[in-house]
Every structure is written in C-alpha cells, then in structure tokens.
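The values are calculated or read from the model by the stated rules, or taken from the named source; none is laboratory data. In this text the structure is predicted, and so the values were computed from the model without any measurement. Heads up, the Cβs are rebuilt from the backbone with ideal geometry, glycines too, and the neighbour counts pull from every protein chain shown.
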Amino acid sequence: MRPTLWLKNDAGEVWNLRPQRLLREKQASFFAALDGTGFETKLTFSRIKDDFIVTEDEPQQVTIKGTMYFRDPKHMAAFGDFVGDYSNVLRLYYDPEGRITPTMQLARPWYKKVRITKLSSGEQDVKTGYWVCPMEFVPFSVMWRRDTTRASSVTTIKGEAHVYSYSYPYFYQAERRFYVNIENTGARIGCTVSIKNTGTAPLERLEWVASSGDHRQYAKWMAGYGLAPGRTLIVDSNPSSQRAVIEIAPNSFEDVSDFQEPNPQYINFVELYHGDNQIVFNVGTVTDVEIEVTFIEQVRVL
C-alpha cells in the first residue's frame, strides 16, 4: 500500500498529503518525492591502539523534503489559510504501511512536530495542469512519536483483612495494589503518572515500583502529607517537562517537587524501558483511586 501522510494544525484541522482522489477533497494536496523520514547521526570516535570506540553519538536534524501539487492558486491560498502564520508548528503524521488514514479516530499514528521552512510558489505543469511547489519541513525531534495512555484496570489485595469480634480500637485491613502493564515499542522514555483520589478519605500512601527486566525503579511521594480527596498528583519524568504537582482545581496546580522521598533508593521520576514494563502502585487501604500513565513512544525510523 502507498504510505499515508498528513498535517494537523493547532485547531485540529487536517490537510491530507496523500489523498486517494485529489480533486474531490477540499483540504488535500499530493506530496510527492518524500525524503528525510529516516535519521542521520554524527559519530565521534576515540582511538585505542588499533581500535576505535564511539565517544559521542549526536543525532542530526534531518529536513523532510518533497514536492506539493496544488490544483490552482486558490487551492494554494486555502493551504495558506490552513497553516496560518508560517511560524506555526504543525504535526506531520506518517504511516509508511498506509494502513492508518487521517479519518481513523482510534488509531495512534506516528508524528513529528515540524515547521514549514520552504514553499516555493512553483509553476503550472503543462501536462497535468497542477501547480508544482517544492516544500521543506524542519522537524523538532529526531524521533517519530505517538501518544499512549494506560489506565489501571486491575487491583489486587495484598494479604487478608483482620476484623476482631470484640471491642478493639484498631481495624487491620488489607492493602491494595494497582497494576499498569505497558509495552513500549520505542526507545527509553519518561512518562506521566497521574493518581487521583476520588474518595472521601485522604490517600496516605503514594508509592510505586516500575519493573522492566532487571531494572527496578522506586518512587514515593507526599509521605506524611498524603493526597486530599478530589485532588490529583501528577509526576512527569520527561526531561523537557519534568514536574511534580498536585491539581487542586482544573488548570490550578501546586508544585510539590520538594515532597519526594529523599532516600537515594527512590528514583521518584521513573522511566519506561524498551519492551515490557509493569508499574505496581501501593495505595494502602483506599479503593477510590484512579491511576493513569501516559507516555510518548519514540522511534528513529518507521
């Protein structure tokens, strides 16, 4: 099948770059001679006697190039309206197998954030009648990415509850653990952990363990403070957006970076390795809790 390719602007509008029927789609142009979807890296070596070892692997920014075909100048003007200011950042979606199209709502296509750095006015092709315009995009990342969300749907009880038949001022209850299983098909990446207390009692324990093969990462937050009902702890471990906040109300956050476990055993900002990952959350005896893990899968070449 032919690869599919399209652009999406901040308003959520789509411009199809590989339409099946160009003349029948309003927001579509054929983008031909696609180049630059792979990767390029610059290696620095050191010599040790007769051998060389890599001391630095520096990914390069590869320009994505091609030729855009428009029906007429009005069609070109419509594309300009779609882009808006040419300093705007767009998302370029790409499926080399052509199985995902822009209209598929449940699919998770790979994308790069890009800016258009070249769009020639072009000339009208005498044979086809189309206006042929060379175009270039500069990507903002080396990797192709796609957004992924996993929510905890399984809860298991650790131990058994103990209830004494006679009057006693304590009630020993089983602790609950929530499991989130994640298959990361891309490179090692950070993630965002979201824990929402949907009950009426404070959530006292906020601990989790991320496991992948021999790797173990431990996190512990808000020890001694807990999480009040109706509030959400958000821990983002992505280097470019790392934060730890409590959402008090919609779009209202309190920075709690200083409330992480100071013990060096705890990484706190856990990451996802390539392959199978499992995150086990220990939330004590509270059952009214919603847990969600979101991340962006990354690959160099599709």
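Residue by residue, here is whether (1) at pLDDT 90 or above; (2) in a loop (DSSP other than H, G, I, E, B); (3) aliphatic (A, V, I, L, M); (4) not assigned by TED's automatic domain parsing to the domain that holds K118 holds:
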residue	(1), (2), (3), (4)
A11	yes, yes, yes, no
A32	yes, no, yes, no
T37	yes, yes, no, no
L43	yes, no, yes, no
R47	yes, no, no, no
V62	yes, yes, yes, no
G66	yes, no, no, no
A77	yes, no, yes, no
G80	yes, no, no, no
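Listed here are the residues, each with its yes/no results for (1) over 29 Å from K113 (Cα atoms); (2) among the acidic types (D, E); (3) out of contact with any helix residue (DSSP H, G or I) (no Cβ under 9 Å at 6 or more places or on another chain).
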{"site": "P250", "(1), (2), (3)": "no, no, yes"}
{"site": "D255", "(1), (2), (3)": "no, yes, yes"}
{"site": "Y266", "(1), (2), (3)": "yes, no, yes"}
{"site": "G275", "(1), (2), (3)": "no, no, yes"}
{"site": "N282", "(1), (2), (3)": "yes, no, yes"}
{"site": "E290", "(1), (2), (3)": "yes, yes, yes"}
{"site": "V299", "(1), (2), (3)": "no, no, yes"}
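For A107, the test of being in the same structural domain as A28 (by TED's automatic domain parsing) and not aromatic (F, W, Y) is passed.
Do we have any residue at all in the stretch 152-166 that's assigned to a strand (DSSP E or B) and modelled with pLDDT of 90 or more?
no
Answer yes or no: is there a residue in the stretch 224-240 that is in a loop (DSSP other than H, G, I, E, B), in the same structural domain as P202 (by TED's automatic domain parsing), closer than 13 Å to W208 by Cβ and among the aromatic types (F, W, Y). Looking for residues that are in a loop (DSSP other than H, G, I, E, B), in the same structural domain as P202 (by TED's automatic domain parsing), closer than 13 Å to W208 by Cβ and among the aromatic types (F, W, Y), one finds none in the stretch 224-240, hence no. Within 26 Å of E25 (Cα to Cα) and touching a Phe, Trp or Tyr at 6+ places or on another chain (Cβ under 6 Å): is that true of K118 in this structure? No, not satisfied. Quick check on the stretch 185-208. Is at least one of its residues out of contact with any Pro (no Cβ under 6 Å at 6 or more places or on another chain), in a strand (DSSP E or B) and among the aromatic types (F, W, Y)? Yes, the stretch 185-208 has at least one match.
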